[in-house]
Amino acid sequence: MFFKQFYNNHLSQASYLIGCQRTGEAMIIDPIRDLNEYVEVAEYEGFKITKAAETHIHADFASGIRDVAAKLNAEIYVSGEGNDALGYKNMPEHTNLVKHQDVIEVGNIKLEVLHTPGHTPESISFLLIDEGGGSDVPMGLFSGDFIFVGDVGRPDLLEKSVQMAGTTEIGAKQMYASINEVKGLPDYIQIWPGHGAGSPCGKALGAIPMSTLGYEKINNWAFNVTDEDTFIEMLTAEQPAPPHHFAQMKQINQYGMDLYQPYQVSPSTEHQKMAFDLRSKEAFHGGHKPGTINIPYNKNFINQVGWYLDYDQEIDLIGEINIVEQAIHTLQLIGFEKVAGYHAPITTIHTQTINSKDMTGSEENILDVRNDDEWNKGHLSEAVHIPHGKLLMQDLPFDKKDKIYVHCQSGVRSSIAVGILEYKGFKNIVNVKEGYQAFSESLK
C-alpha cells in the first residue's frame, strides 16, 4: 500500500493520497482545489487517481472534491448522513453518498465508513484495512475534523458562522457519543487527522502530523472526561471566534463553485479598492499607503485575511510580485478569486509607534483589539474593546481627529488595526508595540 500526507501550512490542513500497488489505483482524501500536487505524486509513483472522498463539508477551505470528478473523471464519495438540508447539493454524476458501515474499495485497500458526527452532523471517518498487504485488521482512521492530535473538532461553527441556533449543544452531544463509539477500536490504529496546530477548527490542536488511538485515549482530554455535561462544557468553552470567510466556505462546499484555474494579475492603476499589504509589520510601519491593511503573507495569512474578505468585492495586493502570486494561490484555496491587481510597496506615511512600557495610563483613547477571552482575563480600565475582526463593520466611539492608541496582545493584530482605522478615515493613530503582554503591572 502507498500512503502520503500532504500538509498545507496556510490552511493548517492535511489531505492524503493512498494507493494499491497491485492494481495501480489511488484515492485522495479531503482534497484541496489545486490537484497538481496529488497528480504529480501519483504519476511519479505509477498510480492512476480513480477515487476521492471527503470527511465532511468543510468550513475553513474550499474543497477540491468536485474538481477531482470533473478533471480526473474519478468516482467521488461524500457523506449521505446528517440533515438533508445541510447536505451536499449540485454534485456531479460520479458522486456516491455513503453512510455508516458502507465500504469503499481502492484496489485491495478497504475503507469502512464510520458516521462520527459532532463537528458537523454529516461528518464521517474512514477506517482503512490493507487487505492487499495481507491484513484483516484496521491500520488507521482518516478522522477529518473528528479527532485531532490532542483535541477534537469544535461543534459550534454552524451556530457561529451560519447562525443556526441551538446546533452547538447538539453537536457537542454528538461528539460525546462519537468519542465513546470509537473507544472500542484497537489502540494500535493510527489517527490521520484533517488539521494540525494553527487551524481554527479546534482550540488546542497538536503540531504532530498523526497519532494513534491508544495515545489519544491517554493524552487527549476528550477521551478522559466521562461525564457528558462536563464534556459539553469543556468542548464548547473558549472556542475562538471563527473568521468571517467560514460562512462563505460552508456555502461554497455545500453548493459548489467554479473549477480551479490558476490566474495572474497585472499592476493596478486604481486606488479605490480595499488593499492588503503583504509585508511584515515592521516594513508596513516603516512606510505604507494610507488605508491599506497589513496582513503579512505568512502561515497565519488566511486566519487573518479571512476576517476582511467580501467575496463580492475586488481587492488589490501590495508586495513583491512573487509574494503576490503565492498569496493569490492561497486565496484561491479558500475560494476567493477577486484579486484585481497589485501594487509595488509604496512609502507615503510612517506609523506612529510607542513601546508598551512608555504608556503612562493617562491616554484617553485606547483601543484594545484582542479577542473576548483575552479581554476578560485582564485589560486596561480606560480601554475600549473591539476585536480586530469586527473593526470594519462596527462604529468606533472616537472622533476622526482623535489620537488613538491601539494595542493587541503582542503587536500583530494592532498592526492590522492601524490600516483598518486609516481605511475608515482616522488620521492620528499610534501603534503600541509589543502589546498588552509588555504592559507594566501598574497599568493593568
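Identify all residues within the range 83-125 that are surrounded by fewer than 22 Cβ atoms within 10 Å (Cβ to Cβ) and among the polar types (S, T, N, Q); write none if there are none.
Result: N83, N90, T95, N96, Q101, N108.
Those residues that are closer than 15 Å to S440 by Cα, out of contact with any strand residue (DSSP E or B) (no Cβ under 8 Å at 6 or more places or on another chain) and in a loop (DSSP other than H, G, I, E, B), I need them from the range 338-388; list them, please.
Scanning the range 338-388 gives T360, G361, S362, G378, S381.
Considering only the range 174-196, state which residues are farther than 16 Å from I124 by Cα and surrounded by 17 or more Cβ atoms within 10 Å (Cβ to Cβ).
Result: I189, Q190, G196.
Return the only residue of L128, L157 being crowded, with 20+ Cβ neighbours inside 10 Å and more than 24 Å from the chain's Cα centre (by Cα).
None of the others qualify; the one that does is L128.
When you look at F336, is it touching a Phe, Trp or Tyr at 6+ places or on another chain (Cβ under 8 Å) and closer than 24 Å to S63 by Cα, yes or no?
The answer is yes for F336.
Of the residues S410, S415, S442, S381, which single one is modelled with pLDDT under 95, hydroxyl-bearing (S, T, Y) and farther than 26 Å from E238 by Cβ?
Going through S410, S415, S442, S381 in turn, just one is modelled with pLDDT under 95, hydroxyl-bearing (S, T, Y) and farther than 26 Å from E238 by Cβ: S442.
Select from the range 231-251 the residues that are surrounded by 13 or more Cβ atoms within 10 Å (Cβ to Cβ) and either among the β-branched types (V, I, T) or free of Cβ contacts under 8 Å to residues at least 40 places away in the same chain (or both) and write down the one among them that is farthest from V305 (Cα to Cα).
I232
Could you give me the residue pairs with C-beta distances under 6 Å whose first residue belongs to the range 203-230 and is in the same structural domain as P138 (by TED's automatic domain parsing), whose second residue is basic (K, R) and surrounded by 12 or more Cβ atoms within 10 Å (Cβ to Cβ) wherever it lies, and which are 6+ apart or on separate chains?
From residues that are in the same structural domain as P138 (by TED's automatic domain parsing), the pairs are F223/K217.
So which of E54, E81 is under 25 Å from E181 (Cβ atoms), acidic (D, E) and touching a helix residue (DSSP H, G or I) at 6+ places or on another chain (Cβ under 7 Å)?
Answer to the selection: E54.
Is there a residue in the range 372-383 that is closer than 24 Å to H288 by Cα and over 25 Å from the mean Cα position of the chain (by Cα)?
no
Can you tell me which residues in the range 283-304 are closer than 20 Å to N322 by Cβ and crowded, with 21+ Cβ neighbours inside 10 Å?
F284, H288, T292, N294, I295, P296, Y297, I302
Restricting to the range 401-422, what's the tally of residues that are touching a Leu at 6+ places or on another chain (Cβ under 8 Å) and part of a helix (DSSP H, G or I)?
So the count comes out to 3.
Any idea which of T347, T353 is over 29 Å from Y311 (Cα atoms), modelled with pLDDT under 95 and β-branched (V, I, T)?
T353
For the subset of the range 92-109 comprising residues that are touching a strand residue (DSSP E or B) at 6+ places or on another chain (Cβ under 6 Å) and not in a loop (DSSP other than H, G, I, E, B), which member is farthest from I129 (Cα to Cα)?
T95
Output the residue which, of all residues in the range 407-425 that are out of contact with any His (no Cβ under 9 Å at 6 or more places or on another chain) and surrounded by 21 or more Cβ atoms within 10 Å (Cβ to Cβ), is nearest to L367 (Cα to Cα).
H407
For the range 197-210, which positions are surrounded by fewer than 21 Cβ atoms within 10 Å (Cβ to Cβ) and either closer than 17 Å to G118 by Cα or of a type in the set (S, T, Y) (or both)?
Listed by number, the residues that qualify are K203, A204.
Name the residues in the range 280-314 that are touching a helix residue (DSSP H, G or I) at 6+ places or on another chain (Cβ under 8 Å) and either basic (K, R) or farther than 27 Å from G198 by Cβ (or both), would you?
Within the range 280-314, K281, P290, G291 meet the criteria.
Output the residues belonging to the range 313-336 that are among the acidic types (D, E) and either in a helix (DSSP H, G or I) or within 12 Å of the chain's Cα centre (by Cα) (or both).
Scanning the range 313-336 gives a single hit, E325.
The values are calculated or read from the model by the stated rules, or taken from the named source; none is laboratory data. The shown structure was predicted, so the numbers you read here are calculated from the model rather than taken from an experiment. Neighbour counts are summed over all protein chains in view; Cβ atoms, including those assigned to glycine, are modelled from backbone coordinates with ideal geometry.
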